[in-house]
1. Of all residues in region 58-111, which are of a type in the set (A, V, I, L, M, F, W, C), out of contact with any strand residue (DSSP E or B) (no Cβ under 7 Å at 6 or more places or on another chain) and in a loop (DSSP other than H, G, I, E, B)?
2. Going residue by residue through region 104-111, is there one that turns out to be more than 22 Å from the chain's Cα centre (by Cα) and touching a residue at least 12 places away in the same chain (Cβ under 8 Å)?
3. Which residues, counting only those in region 79-103, are touching an Asp or Glu at 6+ places or on another chain (Cβ under 8 Å) and either among the charged types (D, E, K, R) or touching a residue at least 60 places away in the same chain (Cβ under 8 Å) (or both)?
4. Which residue out of K166, K174, K149 is surrounded by fewer than 18 Cβ atoms within 10 Å (Cβ to Cβ), in contact (Cβ under 8 Å) with a residue 12 or more places away in the chain, within 22 Å of Y201 (Cβ to Cβ) and not polar (S, T, N, Q)?
5. State which residue is surrounded by the fewest Cβ atoms within 10 Å (Cβ to Cβ) when the search covers only region 199-208 and only residues that are closer than 14 Å to E188 by Cα and of a type outside the set (G, A, S).
6. Which of the residues that make up region 54-84 are small (G, A, S) and closer than 24 Å to E139 by Cα?
7. Taking the conditions exactly as written (more than 26 Å from K165 (Cβ to Cβ), part of a helix (DSSP H, G or I) and not hydrophobic (A, V, I, L, M, F, W, C)), does K15 satisfy them or not?
8. Looking only at region 103-146, which residues are of a type in the set (K, R) and surrounded by fewer than 16 Cβ atoms within 10 Å (Cβ to Cβ)?
Amino acid sequence: MISQNNVEVLSKEEKDEILRNAYSSFQHGVDHFSKFADGENNIKFAIIHIFNTIELLMKAYLGSINLHLLILKIDDDYNSTKPTADISVLLKRMKNFSSVNFNQQLQDQIEELRKSRNDIEHKRFIIKDDTKILLLLCEIINGLVVFSKNYLNQDICTDLITGTKKKFDSARIKIDPNFADKIKRMEEFKNDGYSLTDCPYCLNTSVPYKKESIAKCFICESDVYIHKCELCSNLFVFHDGYPGHCGLCEDYPTDEEVELLTSNDNSTESWDSLAKENY
């Protein structure tokens with residue numbers, strides 16, 4: 001067990017360097033992913049770069065908690081030359097030493113990607129089902145975007161990399177018929193007078209709404225609460241029981257409004273009174 005007196009963390013400069021490398025790997029990974037139709041080498045390079053992105057983002061996060069979480073023998077004195085923990089160990093430490101809790105499905109997907117990456121490096125990798133591996137990459141790439149935003153406060157698609165999200169979505173439409181159908185339906189809703197806002201869970205611009213209501217994200221199917229600003233009547237997303245602010249008048253809710261809207265009894269009554277968007 002890590003001693004409370006034995007806390008060393010990444011410096012800001014060290015963390016920024018890791019994140020720059022992660023962004024670079026992510027960009028290369030999505031670039032190769034988007035060119036999947038040009039040959040299986042693009043799929044192989046996408047696997048290598050996206051897996052490297054996973055490792056780097058996890059190291060940036062865990063290293064900000066304690067550098068000992070990055071080395072194989074957690075109780076050893078920290079030294080950058082010590083053997084580092086592999087991805088399976090890092091995943092366990094994310095669960096045990098942080099607020100991050102990847103669901104089992106995502107852990108299984110990362111493990112499957114790890115095996116593919118290892119096979120590529122040992123020249124044993126043969127693509128038997130490119131659709132399966134491409135769908136796997138879709139899920140993991142989207143998971144990395146959400147993780148980066150929620151736990152590193154970084155938008156991996158826009159901070160340093162222009163057009164990456166557009167490339168990813170364009171390729172995903174070709175790969176995933178279910179995703180393509182959802183995008184088509186969203187366009188139909190826009191043509192029918194609905195507005196689209198960002199989903200606070202999957203970060204896609206995929207929540208159609210017309211009024212204060214309980215809307216549903218087309219991509220991840222989460223319920224999203226659309227709140228009306230008391231001052232200007234602008235509609236905006238109310239996330240995790242805590243109101244954000246109106247993007248038009250920058251009105252922040254008062255402490256009394258926050259208490260009313262986030263208390264269990266009142267929030268339940270308030271949200272139960274909202275109509276669900278009828279899709």
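1. Matches in region 58-111: I65, I74, V100, F102.
2. no
3. Residue satisfying the conditions is K82 alone.
4. Result: K149 is the single residue among K166, K174, K149 that is surrounded by fewer than 18 Cβ atoms within 10 Å (Cβ to Cβ), in contact (Cβ under 8 Å) with a residue 12 or more places away in the chain, within 22 Å of Y201 (Cβ to Cβ) and not polar (S, T, N, Q).
5. In the first step, residues of region 199-208 are kept if they are closer than 14 Å to E188 by Cα; the result is 206-208.
Those left that are additionally of a type outside the set (G, A, S): 207-208.
Numbers: V207: 27, P208: 23.
Out of the qualifying residues, it is P208.
6. Listed by number, the list holds a single entry, A60.
7. On the way: more than 26 Å from K165 (Cβ to Cβ): no; part of a helix (DSSP H, G or I): yes; not hydrophobic (A, V, I, L, M, F, W, C): yes.
In short, no.
8. Applying the first criterion (of a type in the set (K, R)) to region 103-146 yields 114-115, 117, 123-124, 128, 132.
Matches in region 103-146: K115, K123, R124, K128, K132.
Each reported figure results from applying straightforward, stated rules to the coordinates on display, with no laboratory input. Bear in mind the structure is a predicted one, so any value in this text is a computation, not a measurement. We place every Cβ from the backbone using ideal geometry, glycine too, and count neighbours over all the protein chains shown.
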